[in-house]
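Each remark here refers to the structure printed beneath this line.
What follows draws every value from the coordinates through simple rules; no lab data is involved. What you see is a predicted model; the values in this text were computed from it and never measured. Virtual Cβ from ideal backbone geometry, glycine too; neighbours counted across all protein chains shown.
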Amino acid sequence: MSDIKTLTTLMKELEEQLVVCMRCGMCQAVCPLFAETGRESDVARGKLALLDGLMQEMFREPEGVYERLNKCLLCGSCAANCPSGVNVLEIFIRARAILTGYMGLPAAKKVILRGMLARPELFDRLAEWGAKFQKFFTRPVDDLIGTSCARFVSPLIGNRHFKPLAPVPFHQMTPYLNTAPGSSGFKVGFYVGCLMDKIFPHVSRAVVDVLDYHGVGIFMPEDQGCCGIPAVSSGDMKTFNQLVRYNVEKFEREKFDYLITSCATCTSTIKKIWPMMVRDDSRNIRARVKAIAEKTLDIHQFLMSKTGVEEGSPGKHDSAINVTYHDSCHLKKSLGISDEPRAVMQANPGYRLTEMPEPDWCCGLGGSFNIQYYDISTEIGKRKRDNIASTGCSAVATGCPACMIQLSDVLSKAGDRVMVKHPVEIYAEGLKSL
């Protein structure tokens, strides 16, 4: 349990933010969860009303409050469309921290978060072992999308079509980088992220290739840790603060102009959530976090604003592939980045962009939400799948690896032969034609 002083501080900050909500209900129209369930308690307004009496409810029925508060995708649709400017994501994350501080962390989450994620080297080893042995428990179901399913009934993976762990993670392909600035004059820190390391290492490889092509120096420290989003979204401030300090110290070992990531969630976490939620100020950590957050950029944003992109050679392509683009919630709604990924992707003339309906409607993954509420997550995902299919595309791109996982699942189960790609991956393909 957190100390009473920390809980009191968090509670006061929460109460100050809650008074801004007018209970207008605008959040209903944009909430993907409410669109599926139709329940007022599932929409932001209902949860904020619940939090108004959090102090009393926390002592009377903490488990019920915790369950209702965790039934949220944290997609930010409500905050992005709130006429009063209520920072709903911050309120929910702070409220989860308060409840977890009062109730304690559930045993299963304690094993995952504090036993594995908080120990990056152990987490890497466990993932490497998992990649070696996963073939005994899974079987391929779609060679184009690259999905697998369980060989037998499993309480964890069930009937999912999931992306398996890569045979070789990126940290084994390229453990460390420290190259000097080239023609661009820039040097960046490259934060890889867990999913880009362990499931999509080819995307991380594409990032390095693109940065090399544009003459950008790269500092990539070894043994990077998780950005901390699973911990903070579960209210585990101990693990979150530990991971933030760990990563800050890793990247402070070298000077660079910008910190780059190709994961929308990691970018949003480092840029927005780190400075918002870090409580411990020992060794001036809050100022150090702020310094890194201020120079953190999404890879598409960096390319478009700092180096520019170079168009591939159209003569090297027989026919353009029809591709559509899904706006990840963390990229568009949290960071306001939407045009840049499209521009990066369209620099490759081998692809032709066709916009889908509702390109910024949440895909339904929501991190741990997908594990706890898989049926609802899948129904939200089906709406996205239908929008993708309506374009007749052969590929869909998105700047978030979590979205790539969800899109792979719903497309694979629907039998759609649609490749799931990252915009930087598409751009890197175009550069090879030059």
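Observations, loosely collected:
- For peptides 290-298, 265-273, 356-364, sequence by mean Cβ density within 10 Å, most packed first: 265-273, 356-364, 290-298
- With contributions of -39500 (n - 2.57) from each DSSP H run of at least four residues, the per-residue ellipticity at 222 nm computed over the chain stands at -12500 deg cm²/dmol.
- 15 Å cut-off, amide nitrogen to a point 7 angstrom out along ARG283 Cα→Cβ, residues in the range 239-269: 241-254
- Between SER183 and ARG205, the modelled label-to-label distance comes to 2.4 nm, taking each label 7 Å out from Cα in the direction of the beta carbon.
- Residues with amide H under 5 Å from that of ASN178, placed H, sequence gap 5 or more: MET220
- Two-site label geometry, VAL20 and VAL141: point separation in nm, points 7 Å out along Cα→Cβ: 4.2
- Relative contact order %, the range 337-384, counting alpha carbon pairs below 8 Å whose residues are six or more apart: 29
- Residues of type lysines that LYS421 reaches as a straight line, Cα spacing below 19 Å, ignoring anything fewer than 8 places off in the same chain: LYS163, LYS198, LYS332, LYS382, LYS384, LYS413, LYS432
- Only the Cβ atoms of Lys and Arg (+1) and of Asp and Glu (-1) were treated as charged; on that basis the dipole of the chain about its Cα centre amounts to roughly 720 debye.
- Long-range amide H partners of MET419 with built H, under 5 Å: ALA395, VAL396
- Each peptide in 410-423, 171-184 was scored by the mean count of other Cβ atoms within 10 Å over its residues; highest first, the order is 410-423, 171-184.
- Cα centre as origin, Lys/Arg/Asp/Glu Cβ charges: the range 234-311 dipole, Debye: 420
- Potential lengthening of the chain between SER305 and LYS255 amounts to 16.0 nm, from the contour at 0.36 nm per residue minus the alpha-carbon distance.
- Unit Cα scatterers, Debye sum, the range 321-378: log10 I(q)/I(0) for q = 0.15 Å⁻¹: -0.55
- Between ALA343, GLY415, ILE388, the Cα set farthest toward the positive side of the dipole of the range 314-431 (charges on each charged residue's Cβ, about the Cα centre) is that of GLY415.
- Over the range 314-431, Cα pairs under 8 Å with separation of 6+ residues give a relative contact order of 33 percent.
- Backbone phi angles across the range 370-380, fed through the Karplus curve with coefficients 6.51, -1.76 and 1.60 (θ = phi - 60°), yield HN-Hα couplings of 5, 7, 6, 10, 4, 4, 5, 4, 5, 5, 5 Hz in residue order; Gly and Pro are listed as x.
- Computed on the Cα atoms alone, the convex hull of the range 314-431 gives a volume of 90 cubic angstrom per residue.
- Expected-Rg normalisation [2.2 N^0.38 Å, Cα atoms] applied to the range 170-307: 1.00
- Structure-derived volume of the Cα convex hull per residue in Å³: which label, when the choices are [x] 156; [y] 260; [z] 137: [z]
- Given charges at Cβ of Lys, Arg, Asp, Glu: the range 167-258 dipole, positive-most of MET237, VAL208, GLN224: MET237
- Database remark: amide H of ARG352 closer than 5 angstrom to the amide H of ILE321, ASN322, VAL323 (H placed geometrically; neighbours at sequence offset of 5 or more, or on other chains; Pro and chain starts carry no H).
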